[in-house]
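Structure, as structure tokens:
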Amino acid sequence: MKRPAILGGPVAFPDGLPLARPATPPLAEVVTLLQPSWDRGVLTNGPLVRQLEEAAASRLGVRNVVAVSSCTAGLMLVFQALGTRGSVVLPSFTFSASAHALMWNQLAPVFAECDESTFHIDVDDAAARVDQADASAVLATHVFGAPGPVGGLDKLGQAAGVPVVFDAAHAFGATLDGQPVGHGGVAEVFSLTPTKTLVAGEGGLVATADDDLAEALRWNRDYGHRGDYNTRVAGLNARMSEMHAATALAGLPRFDDTLAIRRSHAARYTETLADIPGIHPQTVGAGDESTYKDFTVSIDPEQFGTGRDELEGALRAEGVETRRYFYPPVHRQDAYRAFTADLPVTDRVAGRVLTLPLYATMPAGGPEQVAELIAAVHAHADQLTATSTPR
Ligand SMILES: *Cc1c(COP(=O)(O)O)cnc(C)c1O
């Protein structure tokens, strides 16, 4: 067994192993796609954006896809168009942008618990908080690209008479019971930023079966006027540019290959980490397929021998980049002090998670190597705790 670099052993990745690399298409293909729009002087919200919307709608099997400048803007526009008032229940174990979209609509976030092993919003806890707060909507995240509890949340929404919206930032390409994710609630909003699965550089896609909602989003992403400069609502400039649409379109033909590689890396991780006590990868529903936008494990410090922060430090010393997704949880962030809640499960989960490197161009054998380093940390856990945390 290798001696961890943090204890003086050799550094496993002297040139570094990054957490993520964007799955970018060849630039020449982007340029070829972009050329006609460029030549016509159409640089935003043009034919390539339409083409991307149609390609995404057909891939997802949804009635409407509306392209926007980001997932955050898409979520903001959805809640504006729904006319939601008051408070909205959402998980605290998500990226801050979920909650930001509510705040920009003067909606009060009511944070709900997450599940210890799937990391998804706890549906029963969410239902209780909807009742308690008399909330007007639910917003849930497909955490790390694993499909969330769509059936349970849709039932909750129907029973409570409130719309459910999904932050699907991580989930383009995920499948739930064999069907593409994108059909949950009234709308699902995907992100196309560099660390997400399909890459535009910046961008978002709103999927919805509701034609009126889609129409409102199309107007409101363009300031809220309908071609006559008489704005009906205070819209946004949340248009997608032709350059971004071209980038995403060029990525689509190889997208399934990229996903397959991500999934095989994840499978190698799961297999090789299984022998290490106290390392628990996120649980993905049986019959579901995650995008593995992130491969995140929960570290049980008693079983593993040391904690998440010590493991993070030990991997950093090996040149391995990791991230504490999602820590701090949103209800612990300064911007949300006024909305804090008692969320013991979320606090525990957020204190234990560590996201490991995973990207399509990661060298073969990468997951095995990282798992070996983690096993070495486990084997040296006693020494490690002593040297790295002099408390
Ligand atoms: C990245 C991300 C967002 C924000 O997406 P943008 O396209 O950058 O606005 C929202 N929610 C989650 C869960 C994310 O990871």
Relative contact order %, segment 128-187, counting alpha carbon pairs below 8 Å whose residues are six or more apart
37
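Which of the chymotrypsin sites (Phe, Trp or Tyr not before Pro) found in segment 229-324 are loop residues per DSSP with 15 or fewer other Cβ atoms within 10 Å of their Cβ? Intermediate values should be presented prior to the final figure.
On the way: sites: TYR229, PHE255, TYR269, TYR292, PHE295, PHE304; in loops: TYR229, TYR292.
Those that pass, being in a loop and sparsely packed, are TYR229.
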For segment 1-148, compute Rg over Rh where Rg is the Cα radius of gyration and Rh is the Kirkwood radius from the inverse mean 1/r over Cα pairs.
1.11
For the chain, divide the Cα radius of gyration by the Kirkwood radius and give the resulting Rg/Rh value with two decimals.
0.99
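When the accessible area of the chain is split by element with a 1.4 Å probe, what percent falls to carbon and sulfur? Could the numbers behind the result be given before it?
Details: 8360 of 16260 Å².
Its accessible area is 51 percent carbon and sulfur atoms.
With only alpha-carbon atoms in the gyration tensor, what are the semi-axes of the equivalent ellipsoid for segment 86-143, in Å, largest first? Kindly include the intermediate steps, with their values, before the conclusion.
Values: eigenvalues 62, 41, 8 Å².
Ellipsoid half-lengths, sorted descending, are 18, 14, 6 Å.
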Tell me the relative contact order for the chain as a rounded percent, counting alpha carbon contacts under 8 Å between residues six or more apart.
24
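Given a 1.4 angstrom probe, what's the average accessible area per residue across the chain, in square angstrom? Walk me through the intermediate numbers first.
Working: 16260 Å² over 391 residues.
Dividing the accessible area of the chain by its residue count gives 42 Å².
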If the cut-off is a Cα-Cα distance under 18 Å, which lysines reach LYS293, setting aside same-chain residues fewer than 8 apart in sequence?
LYS196
Give me log10 I(q)/I(0) at q = 0.14, 0.17 Å⁻¹ for segment 307-391, Debye formula, one equal scatterer per alpha-carbon, no solvent.
-0.62, -0.82
Within 10 Å of each candidate Cβ there may be at most 16 other Cβ atoms; applying that plus a DSSP loop requirement, which trypsin sites (Lys or Arg not before Pro) in segment 198-245 survive?
ARG226, ARG232
Over segment 12-64: Kirkwood hydrodynamic radius from C-alpha pairwise inverse distances, Å
14.1
Relative packing of peptides 97-105, 39-47 - highest average C-beta neighbours within 10 Å first
97-105, 39-47
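Ratio of segment 122-270's C-alpha Rg to 2.2 N^0.38 Å, to two decimals?
Segment 122-270 yields a ratio of 1.18.
The values are calculated or read from the model by the stated rules, or taken from the named source; none is laboratory data. Treat the numbers as computed from the prediction; the structure is a model and nothing was measured. Note that each Cβ is placed from the backbone with ideal geometry, even for glycine, and that neighbours are counted across all protein chains shown. Side chains included, ligands, DNA and RNA excluded: accessible areas come from the protein's heavy atoms. Shrake-Rupley method; radii C 1.70, N 1.55, O 1.52, S 1.80 Å.
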